[in-house]
1. Got a sec? Which of LEU103, LEU117, LEU86, LEU73 is in a strand (DSSP E or B) and surrounded by fewer than 24 Cβ atoms within 10 Å (Cβ to Cβ)?
2. Of the conditions (1) on the phi > 0 side of the Ramachandran plot; (2) in contact with a strand residue (DSSP E or B) (Cβ under 7 Å, 6 or more places away or on another chain), ASN231 clears all except one; give me its number.
3. List every residue pair whose Cβ atoms sit under 7 Å apart, with the two residues 6 or more apart in sequence or on different chains, where the first one lies in the stretch 114-126 and is among the polar types (S, T, N, Q) and modelled with pLDDT under 85 and the second, anywhere, is assigned to a loop (DSSP other than H, G, I, E, B) and crowded, with 24+ Cβ neighbours inside 10 Å.
4. Please verify whether GLY338 is in the same structural domain as ASP264 (by TED's automatic domain parsing), modelled with pLDDT under 95, crowded, with 18+ Cβ neighbours inside 10 Å and more than 25 Å from LYS53 (Cβ to Cβ), treating the condition exactly as stated.
5. Can you list the strands (runs of 3 or more DSSP E) found entirely within the stretch 332-404 that contain at least 3 residues being out of contact with any Cys (no Cβ under 7 Å at 6 or more places or on another chain)?
6. Applying the selection to the stretch 203-243, what residues are assigned to a loop (DSSP other than H, G, I, E, B) and closer than 18 Å to THR55 by Cα?
7. Kindly check whether there is at least one residue in the stretch 303-318 that is closer than 13 Å to GLY338 by Cα, small (Gly, Ala, Ser) and in a loop (DSSP other than H, G, I, E, B).
Amino acid sequence: MIKYTNLMSIRNLIPHNIVNTFYHLPKAFLAVLYYRYPAKDLTVIGITGTDGKTTTSTVIYEILRQAGKKTALITSVSAKIGGKELSTGLHVTSPDPWELQKLLRYISDKGFNYVVLESTSHGLAQHRLLGCNFKIGAVTNITHEHLDYHGTWKKYLKDKARLFKKAKFAVLNKDDLSFKILKKNITSKIITYGMKKADFTLKNFPFKTKMPGKYNQYNCLAAIAVTKLLNISDADIRKAIAKFKGVIGRMDVVYDKSFKVIIDFAHTPNALKQVLIACKEMPSKRLISVFGCAGLRDSRKRLLMGEISCRLADVSIFTAEDPRTENINDIFRQMESGCKNKKNLYKEPDRKKAIKLAISMAKKGDIIGIFGKGHEKSMCYGTVEYPWSDHKAVKEILKKHPSS
């Protein structure tokens, strides 16, 4: 387990822009110097957005590999370099600049040509991606998230736009609210994707994917736009997308017998909405939603997520998702304030018990969606990170379940 110190409390008293300019920027600059600016010899593709970054990054990586390109991948789930897969942490955003530049130096020294890099708003705002020399930047979508850090949606958008500061190409989602603002404020050459009117659409570039949901069609279109800029053939793109099954903890079907259990990382209002819609499009009798909202993080999204689940799911079970030092019942009250219909609403602070409750009430043909943790391997209570895995919890509970 990992215990945090009081340094975080002290840092919260200092404005972010001061910390970013006088701490994070010099730190990143020194890391680039120490590792001899490894990105100068690489074609780096940066993927940012609120939701879909990891999936889009991984699809691009798989397409480039299908085309025979020597490619590495760095996401919040893991780093894939050749035959190696390295964990990038517990609750990770973009890696620390020293770790990132060390990885890039290793990638460069091993003769790789391409790197696909998931680029978070915190990583961009804190200059962690300094020296990454992005050739292409792409946006999935920019919705409500991290406003506890960025303050406003427009500031959040501005920090995301740092990805395009020196990028040659910008791949933008024409259907997203961010498009018009980004279009006016970036100088990179813009390539668009979307459902109907864009450079890349389902109509002018049809493809097949095993990943469910409209949002995954957007993720694939973003990957298509990026890889076409890299002169990858249509055949290699379509073949890679058709073969790709998805990322661990993203619409991950972990049980499918009398009922279905799906684990997904959805931890934002938009992600929860999209994944619930995708679940409802599957044949099922009832949809049971198990999720929480993180403590000491954007509290404004709690009522939104509560409203979305109570409206779209047949049963909602609120539970823990890294409550940290906040009282979980206070978090529940904020989530519940968004619910108009509370008839099928349950609250269980213990996440394992909440999953057990969902499984115990599941009937033949039901879908259980467990959201918010996905691939993560820890849960933060107080100031301590304890080992946790939704996958492991489901497996343990199902071992004792009559239908297994």
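1. LEU86
2. That leaves (2) as the condition not met.
3. Qualifying pairs under 7 Å: THR120/SER94.
4. Values: in the same structural domain as ASP264 (by TED's automatic domain parsing): yes; modelled with pLDDT under 95: yes; crowded, with 18+ Cβ neighbours inside 10 Å: yes; more than 25 Å from LYS53 (Cβ to Cβ): yes.
The answer is yes for GLY338.
5. Once the strands (runs of 3 or more DSSP E) in the stretch 332-404 are filtered for at least 3 residues that are out of contact with any Cys (no Cβ under 7 Å at 6 or more places or on another chain), what remains is 367-371, 378-381, 384-387.
6. The answer is PHE207, LYS208, THR209, LYS210, MET211, PRO212, GLY213.
7. no
One line per residue, one yes/no per condition, for (1) modelled with pLDDT of 75 or more; (2) not in a loop (DSSP other than H, G, I, E, B):
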| position | (1), (2) |
| --- | --- |
| MET8 | no, yes |
| LEU13 | no, no |
| VAL19 | yes, yes |
| LEU25 | yes, yes |
| PHE29 | yes, yes |
| LEU33 | yes, yes |
| LYS40 | yes, yes |
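The values are calculated or read from the model by the stated rules, or taken from the named source; none is laboratory data. Values in this document were obtained by computation on a predicted structure and should not be read as measured data. Heads up, the Cβs are rebuilt from the backbone with ideal geometry, glycines too, and the neighbour counts pull from every protein chain shown.
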